[in-house]
1. Give Thr88, Thr64 a once-over and let me know the one that is in contact with a His (Cβ under 6 Å, 6 or more places away or on another chain), touching a residue at least 12 places away in the same chain (Cβ under 8 Å) and closer than 30 Å to Arg214 by Cα.
2. Looking at Thr218, is it among the polar types (S, T, N, Q) and assigned to a loop (DSSP other than H, G, I, E, B)?
3. With respect to Leu202, determine if the residue is assigned to a loop (DSSP other than H, G, I, E, B), over 23 Å from Asn413 (Cβ atoms) and of a type in the set (A, V, I, L, M).
4. Run Ala164 past the list (1) out of contact with any Pro (no Cβ under 8 Å at 6 or more places or on another chain); (2) of a type in the set (A, V, I, L, M); (3) modelled with pLDDT of 95 or more; (4) surrounded by 12 or more Cβ atoms within 10 Å (Cβ to Cβ) and report the number of the one that doesn't hold.
5. Can you name every residue in the range 374-393 that is crowded, with 22+ Cβ neighbours inside 10 Å and either within 22 Å of the chain's Cα centre (by Cα) or closer than 11 Å to Lys419 by Cα (or both)?
6. Mind checking which residues of the range 415-456 are under 22 Å from the mean Cα position of the chain (by Cα), surrounded by fewer than 24 Cβ atoms within 10 Å (Cβ to Cβ) and within 30 Å of Ile66 (Cβ to Cβ)?
7. So, of the residues in the range 457-470 that are of a type in the set (A, V, I, L, M) and in a helix (DSSP H, G or I), which turns out to be surrounded by the most Cβ atoms within 10 Å (Cβ to Cβ)?
8. For the range 436-443, does any single residue satisfy the condition of being in contact with an Asp or Glu (Cβ under 9 Å, 6 or more places away or on another chain) and assigned to a loop (DSSP other than H, G, I, E, B)?
Amino acid sequence: MESISVFDMLKIGVGPSSSHTLGPWRAAGRFLAELAKTDMTCRVTRLRVLIYGSLSLTGKGHATDIAIVMGLAGADPETVPINQVPETLAAIRQNGELLLGGVHPVPFDLVKDLVFLRKFLPFHANGLTFEANFDDGRQRTETYYSIGGGFVVQKDRKRARKKAQAFSRFPYPIQTGAELLSYCDQNGKAISEIVLENERSLRSDAEIDLGLRRIWATMLESAYEGCHTPGELPGGLRVKRRAPDMYQQLKGEAVYTGPEDWPASIRNTRVAFRQILKWVSCFALSVNEVNASLGRIVTAPTNGSAGVVPAVLLYYLVIENHEAGNEEIKKFLLVAGEIGSLFKKGATISAAMGGCQAEIGVSSAMAAGALTELLGGSPSQVLMAAEIAMEHHLGLTCDPIGGLVQVPCIERNSMGAIKAINAAELALGADPAAAKVPFDKVVQTMWETAQDMNAKYKETSEGGLAVGVNLSDC
């Protein structure tokens, strides 16, 4: 049984993609750590990285090459100053060498030593192999797979087995929605309370609170930054940032001092239905415009779907409950993280394996369930809301134009957020006992749909809008 922490599902990282940027970045860091274990870092004389499958097909548009280099340079995606990324790349181009782990110079060519191969490895669509030559003539190779949401594994899954043992002390081990509801019924607890008890088996209350506040602060900062950064997105499509103009039109004369004051400062804006739609869309667009610019965001459960959860939580804070604070934010994130983990266990959160239903569909389900608990829904209604949200994303393809996480990815976040709110309202007004589609059945169906989906619709830029739109017209 796989037990997943909320802090695994909600990770702070750098855009634009969790599977194609954050995962390869983490994989490079893992390889670096393996070298350090045997004191081989400073004995490396040559380094090469082979990039396979979906990582190769859309890798450059997803900044996979940049992520690998930054990981090998020893930078942490959670803390690295964003402006350090172009500086590091410029230094490598100029000097023809990479400072491995930040300490050992190794000859490195950004074109020749990053090899993009169209071949798919059998274990997973997102594979990459690191090859290091040493001063004594030996070579070491390690292959990693970025399986979605920033999760990285090796084929033998040694780390997964160790992690499963570490997490076996969960008081409420959960693999399915039915098991989660059973624990809630047996103990008379809300879903957030069950999840919190599991987290307490790993870390203290103070650590949980601090971690969740950091996650929310990062979400809020990305939404705020996106609303205040005009211009075009990088990558060549010349996509204009829309969130700043939309925000200026919506906020009117609202005054604020910074991101922390931001939700409170816009609570008194008009709340007509169209205005609510615009606010939610603005929040979602803003986060993913930051993500598309290699900005810092939170995977929820992925980078490409990072705007849905914060947009719906901001909706709750700005529109639904003006008295809400850290406790409500904590509950929301706990529930969202748990729902995301159920989809990861029972299906996938990788677009390269399941299309965009695995990203936007899962994020919408996460947000819908979390909102439902905050609005007073029962555990059964929470999972009903998550099921409804996913049900109406089944079959959604991943077909980014130009391999960039921009079109149609950014708009899909606003659609996923609106669907999440709608799903919550539908669930709150329904009797879960009369539901025709159980939560676990929609998870199973999503996975079956993923397996049946043509590979060209799984983050390859070889189908759908990616080939239906002429780049010269963009």
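The values are calculated or read from the model by the stated rules, or taken from the named source; none is laboratory data. Bear in mind that the values here come from a model prediction, so they are computed numbers and not experimental data. Don't worry about glycine lacking a Cβ; one is built from the backbone with ideal geometry, like all the others, and counts go over all protein chains shown.
1. Of the residues listed, the single one that is in contact with a His (Cβ under 6 Å, 6 or more places away or on another chain), touching a residue at least 12 places away in the same chain (Cβ under 8 Å) and closer than 30 Å to Arg214 by Cα is Thr64.
2. Considered against the rule, which asks whether it is among the polar types (S, T, N, Q) and assigned to a loop (DSSP other than H, G, I, E, B), Thr218 comes out as no.
3. Criteria met by Leu202.
4. Checking Ala164 against (1) out of contact with any Pro (no Cβ under 8 Å at 6 or more places or on another chain); (2) of a type in the set (A, V, I, L, M); (3) modelled with pLDDT of 95 or more; (4) surrounded by 12 or more Cβ atoms within 10 Å (Cβ to Cβ), the one that fails is (3).
5. Val382, Leu383, Ala385, Ala386, Glu387, Ile388, Ala389, Met390, His393
6. Met415, Ala450, Met453, Ala455, Lys456 - these are the residues of the range 415-456 that are under 22 Å from the mean Cα position of the chain (by Cα), surrounded by fewer than 24 Cβ atoms within 10 Å (Cβ to Cβ) and within 30 Å of Ile66 (Cβ to Cβ).
7. This residue is Ala466.
8. Yes, the range 436-443 contains at least one residue that is in contact with an Asp or Glu (Cβ under 9 Å, 6 or more places away or on another chain) and assigned to a loop (DSSP other than H, G, I, E, B).
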